[in-house]
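Below: one structure, written as structure tokens.
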Amino acid sequence: MDKVQSDYRELLRKGLKDEYDSSVRGYDVLGSIAVIGERGKRGRVIADAVMKINKNVKTVVSKAGAVKGRYRKREFEFVAGERNFIADYKENGCTFRFDIRKTFFSSRLSFERKRITELSRDNEHVVVMFAGIGPFAIEIAKRNRNSEIVAVELNRDSYKYMLENIRINKTANVEPILGDAKSIVEGMADWADRIVMPLPMSADKFLKSAIIAARNGCIIHYYSFGNSADPFSESGRMARELAKSMGFTARVVGKRVVRPYSKDTSEIVLDIRIGKKNKNKSGRKWKDTELKRIKGRKRMERKPGK
């Protein structure tokens, strides 16, 4: 244990006394905002300790509910410091700005974003479904300047911040699309060399759409949940059977547990290679047709944070 964590735990022990336990130790830092899991008196003690050992933290908020709804948003309660909900967060050489109340973002997926970015290759066609504020798409795009990345997001607030983050990180090779991932991706038949699906709660409902968009040899990074005792088998079997029913093949070429989700459930990712015997050559023309229409839309002019 390093000195910072040692000092933090000592502050908690002094402040909470008999109420101290290991469950209060964890917190996330998003730029100058720290997110804790406690409210009330306990929350204020934890917030004070967090700010004392993290000089860059100016605001502490507490989770006030679970991630829920179509847009995966969470409610937060202000605890201490400056009243601010706009994060400026740095990760893997990129900077991301977003309102934590209106968008979904998990710093705990930092390793996954780095892993997939390092697996990606230049000159690829990449699709990021459920793109949020753009972290997967932007990190891949910054490393691979000749790749074309299409990032699809349904939440207008997340899309708005994705536009700003593309500008901040100077990744013009990301094409953001506001809309439903299922219908948009199904219109990209045989276009993608790599597809990222970071929506473990319901990604199975979109896997067919991803397979349609996949070229022969495409890698789909498929996030899901599995039983902790055998986390990969069910999702792998489902992907193989679905691909087979569509006349294609699906082979798991990589897998890992992303993080424990509950006592008996783990969040996982499968890297699935799609095989297509009959290639749809028309898919390569998708960018020339669909994206011209998309680019013709007037992008939202409202400034982030307003």
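3J(HN,Hα) couplings calculated from phi for the range 149-154 with the Karplus curve 6.51 cos²θ - 1.76 cosθ + 1.60 (θ = phi - 60°) are, in sequence order, 10, 9, 10, 10, 9, 8 Hz; Gly and Pro show x.
Across the chain, Cα pairs under 8 Å and at least six residues apart give a relative contact order of 11 percent.
With 20 Å as the limit, the listed pairs K63/K102; K68/K208; K14/K63; K90/K182 have K68/K208; K14/K63; K90/K182 beyond it between alpha carbons. Expressed in Å, the radius of gyration and Dmax of the Cα atoms of the range 123-273 are 15.2, 43.
Using only Cα atoms and rounding to the nearest 10 degrees, what angle (0 to 90) does helix 110-119 make with the longest principal axis of the chain? Value to nearest ten degrees: 30. Beta bridges from DSSP with both residues in the chain: antiparallel share about 60 percent, rounded to the nearest 5.
Quick check on the chain: helices-only [θ] at 222 nm, where DSSP H runs of length 4 and up contribute -39,500 (n - 2.57) each and the sum goes over total residues. Nearest 500, please. That comes out to -9500 deg cm²/dmol. Counting only Cα atoms, the chain measures 67, 48, 32 Å along its principal axes, largest extent leading. Residues in the range 7-16 carry Karplus couplings, in order, of 5, 4, 5, 5, 4, 5, 4, 5, x, 8 Hz; the curve used is 6.51 cos²θ - 1.76 cosθ + 1.60 with θ = phi - 60°, and Gly or Pro positions show x. Once the Cα atoms of helix 286-295 and of the chain are each reduced to a long axis, what angle between those two axes, in degrees from 0 to 90 to the nearest 10, is obtained? In the chain, helix 286-295 runs at an angle near 50 degrees to the longest axis.
Near the amide H of V258, within less than 5 Å, lie the amide hydrogens of E267, I268, V269, all on another chain or at least 5 residues away, with H placed in the peptide plane.
Since every read-out is calculated from the coordinates, none of them should be taken as a lab result. This is a predicted model, so every value here is computed, not measured.
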